[in-house]
1. How much FRET efficiency would the formula 1/(1 + (r/R0)^6) give for His30 and Ser60, where r is the Cβ-Cβ distance and R0 is 22 Å, rounded to 0.05?
2. Region 1-72: D in µm²/s via Stokes-Einstein (Kirkwood Rh, Cα pairs, 20 °C, 1.002 mPa s)?
3. Can you compute the helix-only [θ] at 222 nm over the chain? Use -39500 (n - 2.57) per DSSP H run of at least 4 residues, normalise by all residues, nearest 500 deg cm²/dmol.
4. In whole Hz, with x marking every Gly and Pro, tabulate ³J(HN,Hα) for region 18-32 from phi via Karplus 6.51 cos²θ - 1.76 cosθ + 1.60, θ = phi - 60°.
5. Net charge around Thr40, counting only other residues with Cβ within less than 9 Å of its Cβ (Lys, Arg = +1; Asp, Glu = -1)?
6. Determine, for Ser83, Ser23, the number of other Cβ atoms within 10 Å of each Cβ, and report the residues in order from fewest to most.
7. Cβ under 14 Å from Thr70's Cβ, Thr70 left aside: what net charge do those residues give with Lys, Arg +1 and Asp, Glu -1?
8. Apply the Karplus parameterisation 6.51 cos²θ - 1.76 cosθ + 1.60, with θ equal to phi minus 60°, to every residue of region 76-84 and state each ³J(HN,Hα) to the nearest whole Hz, in sequence, with x for glycine and proline.
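All of the numbers you see were taken from the coordinates with simple rules; none came from a lab. Treat the numbers as computed from the prediction; the structure is a model and nothing was measured. Note: ideal-geometry Cβ built from the backbone for every residue, glycine included; neighbour counts use all protein chains shown.
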Amino acid sequence: MNAQEMYEQAMHELAAKISLIRSGDLVCDHPIKQGDNYGTSCSICGERLAGYGYNARDFSLPCLHEWWPTGDGLHEVCTFCESVRQADT
Ligand SMILES: [Zn+2]
Ligand SMILES: [Zn+2]
C-alpha cells in the first residue's frame with residue numbers, strides 16, 4: 001500500500017467513525033478538534049475541550065485552563081483566560 005492509499009484508507013475510516021458517532025452508535029472521542037483564541041472544541045460533537053470552546057460566545061462557564069510556562073520558571077499562564085498560577089515544582 002502506498003502513502004496515497006494509506007491516506008485514503010485513513011480518511012475513509014475517519015468518515016465511517018464520524019457517521020457512527022453522529023448516529024449515536026459510538027461515543028465521541030473527539031477525533032477532530034477546532035481551536036481559536038477562545039478555546040478548543042470537538043468538531044464532531046461540539047464538546048468544549050479547552051478554554052471557553054471554539055468560537056465561544058458564552059463566557060459564563062469556567063475556563064478549562066491550558067497552562068503554559070511564562071518563561072520565568074515560577075509561573076504558568078492559561079492560554080485562553082490569561083490566569084496565572086504558581087508552576088508545579
Ligand atoms: Zn467529540
Ligand atoms: Zn483559563
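1. Once rounded, the FRET efficiency stands at 0.45.
2. 151 µm²/s
3. For the chain, the value works out to -7500 deg cm²/dmol.
4. 4, 5, 5, 5, 5, 7, x, 8, 9, 6, 6, 9, 6, x, 10
5. 0
6. By the 10 Å Cβ count, ascending, the order reads Ser23, Ser83.
7. -4
8. Those phi angles translate into 10, 10, 7, 4, 9, 9, 6, 5, 10 Hz.
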